[in-house]
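Comments concern the structure below.
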Amino acid sequence: MESRESSHFLSASTIKGDKVVNRAGEDLGKIEELMIDLEDGRVAYAVLSFGGFLGMGNKLFAIPWKALSLKPHEHSFILNVDKEILEKAEGFDKDHWPVIDRGWLGSMYIYYGHKPYWQVELPEQTEITQPLN
């Protein structure tokens, strides 16, 4: 199996539980889930667990996938925000997830300084004429 350091693909279960830090090295929590946009077939956002004590009272946050940078050799991610920004962000409780739609998710993308992926123009898809043997 290819190592995490050299792979361009990782399973969701490999990422779940990875820690998240900011550029200052402050602990921001861990990845709880990866959420897939079924319409586009891509990772829409990561669910970050932050705060609390021994897993109690943690708040969950929808973090744009593009806002996270992988540190493969440390099994962690960098989220380039100050801890105070995350503390002020709209979060949710593990037992009361919000109804996620593109309006709500778009506001999360903007909060973290990213343009929603569904608003980015993609190159036109070309038809495959040769079999992929």
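Every read-out reported here was derived from the displayed coordinates using simple, explicitly stated rules and does not represent laboratory data. Everything numeric here is computed off the predicted structure, so don't read it as measured data. Glycine gets a Cβ as well: all are built from the backbone with ideal geometry, and neighbour counts include every protein chain shown.
Odds and ends about this structure:
- Extension gain for the segment Ile100 to Thr14, taken as residue separation times 0.36 nm less the Cα-Cα distance, is 28.5 nm to one decimal.
- Length gained on full extension, Glu26 to Lys115: 29.5 nm, using 0.36 nm per residue less the C-alpha separation.
- Under 5 Å from the amide H of Val81 lie the amide H atoms of Arg23, each residue being 5 or more positions distant or on a separate chain, with H modelled from the backbone and absent for Pro and chain starts.
- As a ratio to 2.2 N^0.38 Å, the alpha-carbon radius of gyration computed for the stretch 12-118 takes the value 1.00.
- Total formal charge among the other residues, if their Cβ is under 11 angstrom from that of Tyr111, Lys/Arg +1 and Asp/Glu -1: 0
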